[in-house]
Amino acid sequence: IEVYLRTDHDLPLVEVTTMIGGGSIFDPAEMTGLSDLFVEGLQTGGAGERSPQEIEETLDNMAADLAVSSSSYAYTIDMSMRRQDLVQGVGILADVLRDPKFDQQRIEVARQGLIEGVRRRNDDPSSIAGRTLAQSIYRDHPFGRVAKKTTLGQIRREDLLHLHQTYFQPNNLSIAVSGDISLDELKTLLVQSLGDWETAGLPNLVPPALPVMAQKGGI
């Protein structure tokens with residue numbers, strides 16, 4: 001695991017960002033929107049021995065923020081917490097990284113939210129223009145695909161677990177930490193929470209090639 005640290009003792013706060021190689025560019029065409037549903041399930045579906053409700057209540061009591069997002073090439077988890085909550089906060093973060101539960105009820109709530117987004121996306125003319133341009137340039141490449149009700153509807157919990165098992169490996173993870181924490185403290189926390197995490201092999205992170213465009217004459 002690559003770890004970066006910037007110590008800053010001005011405030012008793014610590015920010016942790018984890019980045020995992022992967023992302024929507026590797027979503028199968030028939031499951032376009034997989035990464036969107038994955039990050040929703042990762043953030044809200046419980047982890048380790050904690051239910052979704054228990055994690056939410058614990059974060060509220062800690063006044064901590066946890067946010068999960070995806071891009072074309074990575075999955076990112078951001079966590080902000082008070083220094084006094086470091087042990088508990090890093091423990092929750094480690095559970096989310098290593099042992100997400102993907103609660104089925106939370107998955108369905110997230111799926112319906114994404115489907116509603118699909119239903120409403122033609123309300124914005126600029127969104128229509130952006131999608132049309134991307135599809136005309138990239139065609140069936142992942143950059144040109146958009147999630148549909150049908151592709152979101154056929155994603156199962158097992159698909160989310162498989163995505164997690166494929167990309168969430170310690171040798172595919174980078175961690176950046178800033179705030180009121182020393183290097184020795186950080187090492188101790190990471191060894192306790194992630195030290196016994198064994199890799200199952202580095203996933204294939206070679207993105208699909210972009211389509212070759214036919215050359216057209218200019219004006």
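The values are calculated or read from the model by the stated rules, or taken from the named source; none is laboratory data. In this text, all values refer to a predicted model and were calculated from it rather than measured experimentally. Using ideal geometry, Cβ is built from the backbone for each residue, glycine included, and neighbour counts are taken over all protein chains shown. Ligands, DNA and RNA are stripped out before the accessible areas are found, and what is left, the full protein with its side chains, is counted by its heavy atoms. Shrake-Rupley method; radii C 1.70, N 1.55, O 1.52, S 1.80 Å.
Just checking the listed ones, F102, F26, F143: in the Gaussian network model of the chain with Cα springs under 10 Å, the one fluctuating most is F143.
Using just its DSSP H runs of length 4 or more, each adding -39500 (n - 2.57), the chain gives a mean residue ellipticity at 222 nm of -13000 deg cm²/dmol after division by all residues.
Surface composition of the chain: carbon plus sulfur atoms hold 52% of the accessible area, using a 1.4 angstrom probe and ignoring ligands, DNA and RNA. Summarising the amide proton neighbourhood of G48: residues at separation of 5 or more, or on other chains, whose placed amide H is nearer than 5 Å comprise D99, K101. In the elastic network of the chain, a GNM with C-alpha springs shorter than 10 Å, the most mobile of G23, G195, G48 is G195.
Our coupling estimate for the stretch 107-114, obtained by passing each phi through the Karplus curve with A = 6.51, B = -1.76, C = 1.60 and θ = phi - 60°, is 4, 5, 4, 5, 4, 5, x, 5 Hz, Gly and Pro reported as x. Can you pull out the GluC sites (Glu not before Pro) in the stretch 129-219 whose DSSP state is coil and whose Cβ has at most 13 other Cβ atoms within 10 Å? Here the sparse-neighbourhood loop sites are E198. Taking every C-alpha pair closer than 8 Å and separated by at least 6 residues, the mean separation divided by the residue count of the chain gives a relative contact order of 36 percent.
The mean accessible area for residues of the chain, using a 1.4 Å probe and ignoring ligands and nucleic acids, is 56 Å² per residue.
Specify the residue with the greatest mean-square fluctuation among L186, L160, L173, computed from a Gaussian network of the chain linking alpha-carbon atoms under 10 Å apart. With Cα springs under 10 Å in the chain, the top fluctuation among L186, L160, L173 is at L186.
Dipole magnitude for the chain: computed about the Cα centre from +1 point charges on Lys and Arg Cβ and -1 point charges on Asp and Glu Cβ, it is near 1240 debye. Here is the list for the stretch 98-204: trypsin sites (Lys or Arg not before Pro) lying in DSSP coil, each with at most 16 other C-beta atoms within 10 angstrom of its C-beta, are R139, K148, R156.
Answer rounded, prolate or oblate for the stretch 79-151, using the Cα gyration tensor with square roots of eigenvalues a ≥ b ≥ c: rounded when a/c is under 1.5, else prolate when a/b is larger than b/c, else oblate. The partial results should precede the final answer.
Working: a/c = 2.63, a/b = 2.21, b/c = 1.19.
Prolate.
From the square roots a ≥ b ≥ c of the eigenvalues of the alpha-carbon gyration tensor of the stretch 109-171, which class results: rounded (a/c under 1.5), prolate (a/b over b/c), or oblate? Because a/c hits 1.5 or more and a/b fails to exceed b/c, the stretch 109-171 counts as oblate.
Over all pairs of different C-alpha atoms in the stretch 33-126, the reciprocal of the mean inverse distance, the Kirkwood hydrodynamic radius, equals 14.2 Å. Of the listed values [x] 60; [y] 72; [z] 63, identify the label whose number matches percent of Cα pairs over 20 Å apart calculated from this model. For percent of Cα pairs over 20 Å apart, the calculated option is [z].
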